[in-house]
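Have a look at the structure below before the remarks.
The values are calculated or read from the model by the stated rules, or taken from the named source; none is laboratory data. Everything numeric here is computed off the predicted structure, so don't read it as measured data. Heads up, the Cβs are rebuilt from the backbone with ideal geometry, glycines too, and the neighbour counts pull from every protein chain shown.
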Amino acid sequence: MSFAALCLALAIAQSQDSTRHIAIDERLAADAHLHLGDRVSLSATPGESGSVATIGAIVRRSADPAEIARGEYKVRLHLTQLQDLLGYGDRVDRFAVATTSEQVIGSAAERINSAAFGFRAHRSRDIAVQTSATFAVVSRFHRAIGVITIAASAIFLLCIMLLKVDERRRDVAALRLMGISARTIVRGVVLEAAGIAVFGSVVGVGVGLATSWLVNLHYQGVYRTPLRFSIVTTDIMLGAVALSLVLGIVAGWLAARRLVHTPPLALFGR
């Protein structure tokens, strides 16, 4: 039960033994300096005397993105405890129903919806899609940024390769005058560019892993959650290496082709 909705007033109780136990999340335990076996007073409004319960468990927070921005505490109670605390009677706002298999989810939802008026059954998958709409927008925004970054880096890489190969025009001219074919020169430049691209991608993967670790270390401490904010998967690493290799080969080939089609004497400035 969330702290904001329930407005729990917690205090160490010195009264008689209580047979009812509750579970609290680890963030509440750390902030309120509570431990297993401590007695607390539960009330619907602050300052009122409430029922006494014993902390029987401290629950680790789940890695749920929807809970990050809320900053709420969670307390798990027995159903009768919750009813007495809220004074809500035999009513509930929502409850979850587990099915034995996924095939009966549709028919179960239809039977529940047709049973009475005033409530509606939803698939947990549909609710997850609706609540994660913000994250889908952020994901598409990041994808657009990634495409723009890749396009800009490809143009920048091509310009760098053209400049670096152009600096070696005298070496290329000497090789051409020695009888080395243009195809051999292009092949050598492409192999060199591929090697540089692979080395650069390996360094980039290392930087990405280190950055991801630092991001998770910082934000997991800030929000006190096991959620991983940054993930570098094997697919991402392989895709980065492959993309870097392709861009390096293409840039090297274009730069070399431009140079070998220039007359050797022109490369010497004559």
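With the condition kept exactly as written, say whether any residue in segment 223-236 is touching a Leu at 6+ places or on another chain (Cβ under 8 Å), of a type in the set (A, V, I, L, M, F, W, C) and in contact (Cβ under 8 Å) with a residue 40 or more places away in the chain. Please lay out each step first, then the result.
Taking segment 223-236 as the starting set, the residues that turn out to be touching a Leu at 6+ places or on another chain (Cβ under 8 Å) are 232.
Those left that are additionally of a type in the set (A, V, I, L, M, F, W, C): 232.
This time we only want the ones that are in contact (Cβ under 8 Å) with a residue 40 or more places away in the chain, so: none.
Checked segment 223-236: no residue is touching a Leu at 6+ places or on another chain (Cβ under 8 Å), of a type in the set (A, V, I, L, M, F, W, C) and in contact (Cβ under 8 Å) with a residue 40 or more places away in the chain.
Please list, ordered by first then second residue, the pairs with beta carbon atoms under 6 Å, 6 or more apart or interchain, first in segment 117-132 and under 13 Å from R94 (Cα atoms), second at pLDDT 75 or above and part of a helix (DSSP H, G or I).
R120/N113; A121/A109; A121/I112; A121/N113
Kindly evaluate S51 against the criterion of being among the polar types (S, T, N, Q), under 20 Å from G37 (Cα atoms), surrounded by 11 or more Cβ atoms within 10 Å (Cβ to Cβ) and not assigned by TED's automatic domain parsing to the domain that holds P226.
Working: among the polar types (S, T, N, Q): yes; under 20 Å from G37 (Cα atoms): yes; surrounded by 11 or more Cβ atoms within 10 Å (Cβ to Cβ): yes; not assigned by TED's automatic domain parsing to the domain that holds P226: yes.
Yes; evaluated as a whole, the condition is true for this residue.
For segment 213-223, enumerate the residues that are loosely packed, with under 14 Cβ neighbours inside 10 Å and at pLDDT below 85.
G221, V222
Suppose the filter is surrounded by 12 or more Cβ atoms within 10 Å (Cβ to Cβ), in a helix (DSSP H, G or I) and not assigned by TED's automatic domain parsing to the domain that holds R61; does A210 pass it? Quick ask: steps written out before the conclusion?
Values: surrounded by 12 or more Cβ atoms within 10 Å (Cβ to Cβ): no; in a helix (DSSP H, G or I): yes; not assigned by TED's automatic domain parsing to the domain that holds R61: yes.
So A210 does not fit the description; no.
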